[in-house]
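Okay, structure first, notes after.
The values are calculated or read from the model by the stated rules, or taken from the named source; none is laboratory data. Note that this is a predicted model, so its numbers are computed, not measured. Note that we place each Cβ from the backbone using ideal geometry, even for glycine, and neighbour counts take in every protein chain shown. Side chains included, ligands, DNA and RNA excluded: accessible areas come from the protein's heavy atoms. Shrake-Rupley method; radii C 1.70, N 1.55, O 1.52, S 1.80 Å.
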Amino acid sequence: MSEPGHRTLLVLNLGSATLKAARYERSGSSGTRLLQRVEIALSHPGPDLDAALAQVIDTLGLGAAPALVGHRIVHGGDAEQARALDAAELERLRALSGFAPLHQRAALGLVSAVQGRWPRTPQYASFDTLWHARLPANTRRLAVPKAWHALGIRRYGFHGLAFASAMRQVREVHPPVSRERVVLAHLGSGCSLCAVRDSQSLDTTMTSTPLDGLPMATRSGTLDPGAVLYLLRAGELSADALEEALYHECGLRGLSGLSGDVRDLLAAGSVEAALALDIFALRIAQGIASMATRSGGIDHLIFSGGIGANAPRVRAAIAGYLGWLGIELDGAANDRGDVRLNSPDSRARVWRVDVDEEAEIAAACAVATALPRS
């Protein structure tokens with residue numbers, strides 16, 4: 001008789017503040033079926049990943065080792081599909097840690113925690129970079145010497161699991177989106193945009209690391225490299241202190257001097273908070289216009305992420321800067337948080353979705369392992 005966990009696929013999605021997990025069950029030829037989800041708050045600094053994993057196992061009632069564990073790994077380099085986390089692959093991913101220090105090391109630590117508990121259970125990774133694996137050369141290549149490009153200084157793009165989920169959800173209610181021009185706006189603790197045409201990623205705001213592009217909750221986004229050199233040469237900050245500041249003290253927190261949480265800033269009512277939110281909305285609107293340029297126009301704008309899906313005042317501020325593009329929200333629909341947000345007169349459809357990264361991880365692992373797809 002098979003052991004109890006032989007039909008179970010466990011998906012682990014490690015973020016900077018939470019560990020999201022989902023348990024799926026193999027269901028014969030019909031695919032996989034979601035059984036349960038859980039979200040565990042992580043302690044800081046240095047979360048205890050063994051304890052978090054134990055809490056997931058207890059909450060999901062995993063009495064036996066699952067058949068497979070699938071992980072979200074932020075940086076997959078040049079990988080074009082989910083991969084088995086064998087020794088060689090783990091070494092390759094460790095070498096990419098410098099490009100995503102906030103995420104990569106912790107995710108690989110979680111892989112080790114799983115291996116320590118279930119040494120015989122195969123583990124697979126789906127990468128946030130997969131969505132952008134076929135970026136055009138004129139997007140992928142940066143204006144740096146070939147030697148730097150060979151070291152990995154190129155555009156990878158991130159938030160791919162969220163982008164894939166957003167496209168999947170809108171496709172379910174509006175199938176033509178697969179053939180049309182889309183700008184995806186994933187706005188949360190991390191923020192990025194993506195230009196899509198014919199369901200292919202053409203451009204995105206993040207480059208080699210998840211630090212680039214839009215201002216975020218506590219990350220700087222694009223910053224003059226000369227300013228970074230100045231801070232280093234002036235002796236104001238060491239490289240480690242500068243990295244810490246760029247990831248944790250900039251963005252909305254740095255602008256407002258108060259918080260990186262949009263909810264705090266909306267409630268504050270101070271001049272500094274209002275300015276931070278205005279700069280945030282303006283830079284996002286400028287980025288959306290840039291993405292629309294890359295795709296030759298815009299038929300759809302899709303908001304997702306903790307801010308994009310849940311902050312109607314921020315969406316309205318962004319749309320206010322995009323009136324010249326013919327983008328117009330229906331105020332009541334926006335306030336309610338409907339799936340469809342645009343007014344009848346808007347030249348582009350505007351959508352709001354709650355992404356499901358765990359389902360995308362499960363689907364990618366299903367393909368990679370020949371498990372039935374969910």
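Overview of values
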{"read-out": "All positions within segment 349-358 that are surrounded by fewer than 21 Cβ atoms within 10 Å (Cβ to Cβ) and out of contact with any helix residue (DSSP H, G or I) (no Cβ under 7 Å at 6 or more places or on another chain)", "value": "Arg349"}
{"read-out": "Within segment 189-237, tally of residues that are among the small types (Gly, Ala, Ser), assigned to a strand (DSSP E or B) and farther than 18 Å from Gly260 by Cα", "value": "2"}
{"read-out": "Test: Val350 is in contact with a strand residue (DSSP E or B) (Cβ under 9 Å, 6 or more places away or on another chain), under 24 Å from Glu39 (Cβ atoms), not hydroxyl-bearing (Ser, Thr, Tyr) and not in a helix (DSSP H, G or I)", "value": "no"}
{"read-out": "Selected residue (criterion: nearest to Cys250 (Cα to Cα)) from residues of segment 187-232 that are touching a residue at least 24 places away in the same chain (Cβ under 8 Å) and β-branched (Val, Ile, Thr)", "value": "Thr218"}
{"read-out": "Residue among Ala292, Ala281, Ala316, Ala309 that is open to solvent by 20 Å² or more (accessible area, probe 1.4 Å), among the aliphatic types (A, V, I, L, M) and either part of a helix (DSSP H, G or I) or modelled with pLDDT of 95 or more (or both)", "value": "Ala316"}
{"read-out": "Residues satisfying the stated conditions in segment 247-265, i.e. at pLDDT 95 or above, open to solvent by less than 50 Å² (accessible area, probe 1.4 Å) and assigned to a helix (DSSP H, G or I)", "value": "Gly251, Leu252, Gly254, Ser256, Val262, Leu265"}
{"read-out": "Test for Val111: is it over 29 Å from Glu244 (Cβ atoms) and open to solvent by less than 10 Å² (accessible area, probe 1.4 Å)", "value": "no"}
{"read-out": "Residue within segment 194-211 that is of a type in the set (A, V, I, L, M, F, W, C) and closer than 21 Å to Asn310 by Cβ present", "value": "yes"}
{"read-out": "Candidate set: segment 326-347, residues that are assigned to a helix (DSSP H, G or I) and either hydroxyl-bearing (Ser, Thr, Tyr) or touching a strand residue (DSSP E or B) at 6+ places or on another chain (Cβ under 9 Å) (or both); chosen: the one surrounded by the most Cβ atoms within 10 Å (Cβ to Cβ)", "value": "Asn334"}
{"read-out": "Inter-residue pairs, beta-carbon under 9 Å, first of a type in the set (D, E, K, R) and in segment 43-72, second exposed (fewer than 13 other Cβ atoms within 10 Å of the Cβ), 6+ apart", "value": "Asp50/Gly116"}
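Results for (1) open to solvent by 10 Å² or more (accessible area, probe 1.4 Å); (2) out of contact with any strand residue (DSSP E or B) (no Cβ under 9 Å at 6 or more places or on another chain); (3) not hydrophobic (A, V, I, L, M, F, W, C), shown as yes or no for each residue.
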residue	(1), (2), (3)
Asp50	yes, yes, yes
Leu53	no, no, no
Val56	no, no, no
Thr59	yes, no, yes
Pro66	no, no, yes
Arg72	yes, no, yes
His75	no, no, yes
Gln81	yes, no, yes
Glu91	yes, yes, yes
